[in-house]
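Notes follow once the structure below has been shown.
The values are calculated or read from the model by the stated rules, or taken from the named source; none is laboratory data. This one's a predicted model, so the numbers in the text were calculated from it and none came from an experiment. Cβ sites come from the backbone with ideal geometry, for glycine too, and all protein chains shown count toward neighbours. Note: areas computed on protein heavy atoms with side chains; ligands, DNA, RNA excluded. Shrake-Rupley method; radii C 1.70, N 1.55, O 1.52, S 1.80 Å.
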Amino acid sequence: MTKRAYNFNAGPAALPLAVLERAQAEFVDFRGTGMSIMEMSHRGAVYESVHHEAQERLLKLLGITEGYKVLFLQGGASTQFAMLPFNLLTEGKTASYVKTGSWADKALKEAKLIGQTHVAASSEEDKYMRIPDVSRLELPENTAYLHVTSNETIEGTQYQQYPETGSIPLIADMSSDILSRNIDIKQFGMIYAGAQKNLGPSGITVVVAREELVSSSPSTIPTMLRYDTHVKNNSLYNTPPSFSVYMVNEVLKWIEEQGGIDGVERQNREKASLLYQTIDESAGFYQGCVHTDDRSIMNVTFRLQSEELEKKFIKASEEEGFVGLKGHRSVGGLRASIYNAVPYESCRALTDFMDYFRKTNG
Ligand SMILES: *Cc1c(COP(=O)(O)O)cnc(C)c1O
């Protein structure tokens, strides 16, 4: 059997082994065509059926029956930071943002290049170690949308409750927690996610939006940056990232096999509890970075008493086959990313290692 690493990478991240093996089996001859899916026309019936399957599956897993469109785009979630205000932040309007961390900041920075912005809430003063109170937000009269980052991948915070925005579209960057837990998607006007954390490989960005938000874009925007171009052409205006779309479809099938969102959520909560419990019961040897109520079940961030000890931890973990436990270069510390595809066994191995490391270095 192939040796698989204990993979805690933040993104690109672990994929389900079953999906990789299925892709391997179909790699050179896809469904009897004598070709890889990468070698065939995106206008042909074989590719198109995969494309539609993936769109339908995603809607179904999100619990959406009508009123929303699924778009498969390129340029990563980072391109959505600009594409969103280009399309929705029109003359005379203001876009509101909740500042929760590194990714929310980047989204806001792009919107500022395009139009009027407003910070509705921020946890910057707390070094982004919590989600700010969003229960009573005051939004400007002419607000085009409110943007939130559902899970801050770098800091390790996650919303437990989303703000109520009435008729103002609530828009979420869900790159690092899409399909990880049961939430009511109908409270959002639009969600988007780069695929490489919870949905598949890099190269594809998924946008799910209420039809009326994406069916007509300002005429001044370049064709590829208009949502309506991709709606009208069902994300086949130009060549889509066909292999990535195929992989997303396979990951979605795998989620169905886990019992859908409820199944993966149960596993995710067990994995996160195991890690946080090990941190909390270490008598201060490990310290969680984030306010307890706002802890992410996807990115577990923690520290040791000194940077020196953290370096030692990372080195020792690498020798034991653990990958990706170093915190993001902007914040330091340690981070275990435990997306849907990270097995419980990897988390168990990590907590065993953490206990061992504490005993030998505490
Ligand atoms: C990784 C990440 C991004 C950036 O995604 P790209 O696809 O690399 O552009 C944006 N937002 C969040 C929350 C992320 O985790």
Using r as the Cβ-Cβ distance of E53 and Y344, and R0 as 35 Å, what FRET efficiency do you calculate, to the nearest 0.05? 0.80
Once you list every other residue whose beta carbon is under 12 Å from the beta carbon of I168, what net charge do they have if Lys and Arg are +1 and Asp and Glu are -1? -2
Report the extension gain between A18 and T223 in nm, rounded to one decimal, defined as 0.36 nm multiplied by the number of residues separating them, less their alpha carbon distance. 70.0 nm
Ignoring everything but the protein chains, give the 1.4 Å probe accessible area of Y276 in square angstrom, nearest 10. 30 Å²
Most fluctuating of A193, A54, A18 in the GNM of the chain (C-alpha, under 10 Å) is A18
Counting only protein heavy atoms, what percent of the accessible surface of region 260-361 is carbon or sulfur at a 1.4 Å probe? 46 percent
HN-Hα J in Hz across region 23-37 - Karplus 6.51, -1.76, 1.60, θ = phi - 60°, x for Gly and Pro: 4, 5, 5, 9, 4, 9, 9, 7, 6, x, 8, x, 9, 6, 4
At a threshold of 8 angstrom on Cα-Cα distance, excluding pairs fewer than six apart, so keeping six or more, what relative contact order does the chain reach in percent? 22 percent
To the nearest Å², the heavy-atom accessible area per residue of the chain with 1.4 Å probe amounts to 45 Å²
Partner lysines whose C-alpha sits under 26 Å from that of K106, ignoring same-chain residues fewer than 8 away, are K69, K93, K127, K186, K197, K326
Output wanted: per-residue J couplings in Hz (rounded whole) for region 11-19, from phi through Karplus 6.51 cos²θ - 1.76 cosθ + 1.60, θ = phi - 60°, x for Gly and Pro. x, x, 10, 4, 10, x, 4, 4, 5
Say R0 is 30 Å: what FRET efficiency, to the nearest 0.05, do N238 and K127 get from their beta-carbon distance? 0.10
Pairwise label distance in nanometres, E66 with S36, each label 7 Å out on the Cα-Cβ vector: 4.2 nm
So what is the 222 nm mean residue ellipticity for the chain from helices alone, if each DSSP H run of at least 4 adds -39500 (n - 2.57) and you divide by all residues, rounding to the nearest 500 deg cm²/dmol? -11500 deg cm²/dmol
